[in-house]
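Single-structure report; data block below.
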Amino acid sequence: MRVERISRYPVKGLSPEVMEEVALTPGQGLPHDRRFAFAQGDSPFDPAAPVWLQKRHFACLMANARVAAIRSAYDPATNTLLLQARGMESLEAAINTPEGQDAAAAWMTAYLGPEARGALRFAEAPGHAFTDIATKAVSIIGLASVQDLGARFGMALDPLRFRANILFTGAVPFAEFDWMGREILLGGARLRVFKRTQRCAATEVNPATAERDAEPPKWLREAFGHADLGIYAEVISGGHVALGDALGPVQADLLG
């Protein structure tokens with residue numbers, strides 16, 4: 001089994017950054033993954049006392065399919081965020097400044113229009129990640145699992161619908177479910193698989209068109225009796241991961 005794609009999503013709900021390599025740290029996800037978000041106007045998120053909140057409190061694909069049409073890019077060296085969308089003037093904002101954050105939030109509020117619940121706020125807090133689960137983790141999916149689901153319902157599914165950090169090849173469909181509670185080696189890092197990824201309406205959105213044109217959660221329930229696709233793994237021993245690196249369960253753990 002080999003790593004085929006490494007991705008992080010600097011802003012919750014927006015474009016991925018595809019990477020050739022990454023350094024993983026114990027107890028953390030990918031650096032800068034879901035580091036930022038756009039909090040809805042009625043969101044209780046407080047950057048001074050950050051706590052995990054459900055995705056509905058932020059601009060997200062589950063509720064706002066239109067965000068799939070935004071093209072974004074984050075440069076950590078300069079702390080600038082680029083936002084582009086049809087019908088909107090492009091914005092390049094210095095998000096390490098209050099003025100830049102306000103400009104980005106105003107851009108997103110204008111873009112969402114009636115879907116914005118009041119004026120959105122640019123959200124960030126040191127050490128906090130706007131992930132779908134409270135535990136910081138790496139999300140992993142076998143490409144065979146995505147291909148199998150699509151084939152069952154006559155539709156090729158873009159893996160980007162599922163917004164994983166790691167996509168891998170070389171396993172049978174849904175082999176990753178067999179790793180629950182076990183340790184895996186991912187390149188030079190060691191991780192523990194602790195949760196299956198339950199899918200929501202975000203996966204209905206076509207990342208190329210921003211249209212809801214598929215029903216992966218429904219299809220998963222019909223085919224398997226659950227809505228799970230992919231796994232979460234916690235980094236327990238850090239290390240370097242690159243495209244083409246090996247991925248698989250620790251053999252001694254399997255024998256135990």
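The values are calculated or read from the model by the stated rules, or taken from the named source; none is laboratory data. This is a predicted model, so every value here is computed, not measured. Glycine gets a Cβ as well: all are built from the backbone with ideal geometry, and neighbour counts include every protein chain shown.
Among residues belonging to the stretch 42-91 that are in a loop (DSSP other than H, G, I, E, B) and of a type in the set (Phe, Trp, Tyr), point out the one that is farthest from Phe162 (Cα to Cα). Outline the logic, then answer.
So the first thing to find is which residues in the stretch 42-91 are in a loop (DSSP other than H, G, I, E, B), and the list is 42-54, 59-64, 70, 76-79, 85-90.
Retained after the next criterion (residues that are of a type in the set (Phe, Trp, Tyr)): 45, 52.
Numbers: Phe45: 25, Trp52: 21 Å.
Result: Phe45.
Please work out if Leu185 is hydrophobic (A, V, I, L, M, F, W, C), closer than 28 Å to Lys55 by Cα and buried (at least 16 other Cβ atoms within 10 Å of the Cβ). Steps first, please.
Values: hydrophobic (A, V, I, L, M, F, W, C): yes; closer than 28 Å to Lys55 by Cα: no; buried (at least 16 other Cβ atoms within 10 Å of the Cβ): yes.
So Leu185 fails the test.
Looking at the stretch 218-247 only, could you name the residues that are in contact (Cβ under 8 Å) with a residue 40 or more places away in the chain and over 19 Å from Ala175 (Cα atoms)?
If the condition is that a residue be in contact (Cβ under 8 Å) with a residue 40 or more places away in the chain and over 19 Å from Ala175 (Cα atoms), then Val235, Ile236, Ser237, Gly238, Gly239, His240, Val241, Ala242, Leu243 are the ones that fit.
For the stretch 155-182, what are the residues that are without any contact (Cβ under 8 Å) to a residue 60 or more places away in the chain, assigned to a helix (DSSP H, G or I) and surrounded by 20 or more Cβ atoms within 10 Å (Cβ to Cβ)?
Result: Arg161, Glu176.
Provide a single number: the residues in the stretch 30-47 that are over 30 Å from Gly187 (Cβ atoms) and either free of Cβ contacts under 8 Å to residues at least 12 places away in the same chain or among the aromatic types (Phe, Trp, Tyr) (or both).
3
Among the residues of the stretch 178-229, what is the count of those that are of a type in the set (Ser, Thr, Tyr), out of contact with any helix residue (DSSP H, G or I) (no Cβ under 6 Å at 6 or more places or on another chain) and under 24 Å from Arg71 (Cα atoms)?
Of the residues in that region, 1 qualify.
Looking at (1) in contact with a strand residue (DSSP E or B) (Cβ under 9 Å, 6 or more places away or on another chain); (2) under 21 Å from Tyr111 (Cα atoms), can you tell me which one Pro50 breaks?
Only one criterion is unmet by Pro50, namely (2).
What number goes with the only condition from (1) crowded, with 23+ Cβ neighbours inside 10 Å; (2) touching a helix residue (DSSP H, G or I) at 6+ places or on another chain (Cβ under 8 Å); (3) outside the structural domain of Leu243 (by TED's automatic domain parsing); (4) of a type outside the set (A, V, I, L, M) that Lys12 does not pass?
Result: Lys12 passes all but (3).
Kindly check whether there is at least one residue in the stretch 83-102 that is surrounded by fewer than 18 Cβ atoms within 10 Å (Cβ to Cβ), in contact (Cβ under 8 Å) with a residue 12 or more places away in the chain and within 20 Å of the chain's Cα centre (by Cα).
Taking every residue of the stretch 83-102 in turn, at least one turns out to be surrounded by fewer than 18 Cβ atoms within 10 Å (Cβ to Cβ), in contact (Cβ under 8 Å) with a residue 12 or more places away in the chain and within 20 Å of the chain's Cα centre (by Cα).
Being in contact (Cβ under 8 Å) with a residue 24 or more places away in the chain, acidic (Asp, Glu) and either outside any loop (DSSP other than H, G, I, E, B) or surrounded by 15 or more Cβ atoms within 10 Å (Cβ to Cβ) (or both): is that true of Asp148 here?
Yes.
I'd like to check something: does the stretch 191-203 contain any residue that is surrounded by fewer than 18 Cβ atoms within 10 Å (Cβ to Cβ) and among the hydroxyl-bearing types (Ser, Thr, Tyr)?
No, the conditions are met nowhere in the stretch 191-203.
Taking the residues in the stretch 110-139 that are without any contact (Cβ under 8 Å) to a residue 12 or more places away in the chain and not in a loop (DSSP other than H, G, I, E, B) as candidates, determine which candidate is surrounded by the most Cβ atoms within 10 Å (Cβ to Cβ).
Gly113
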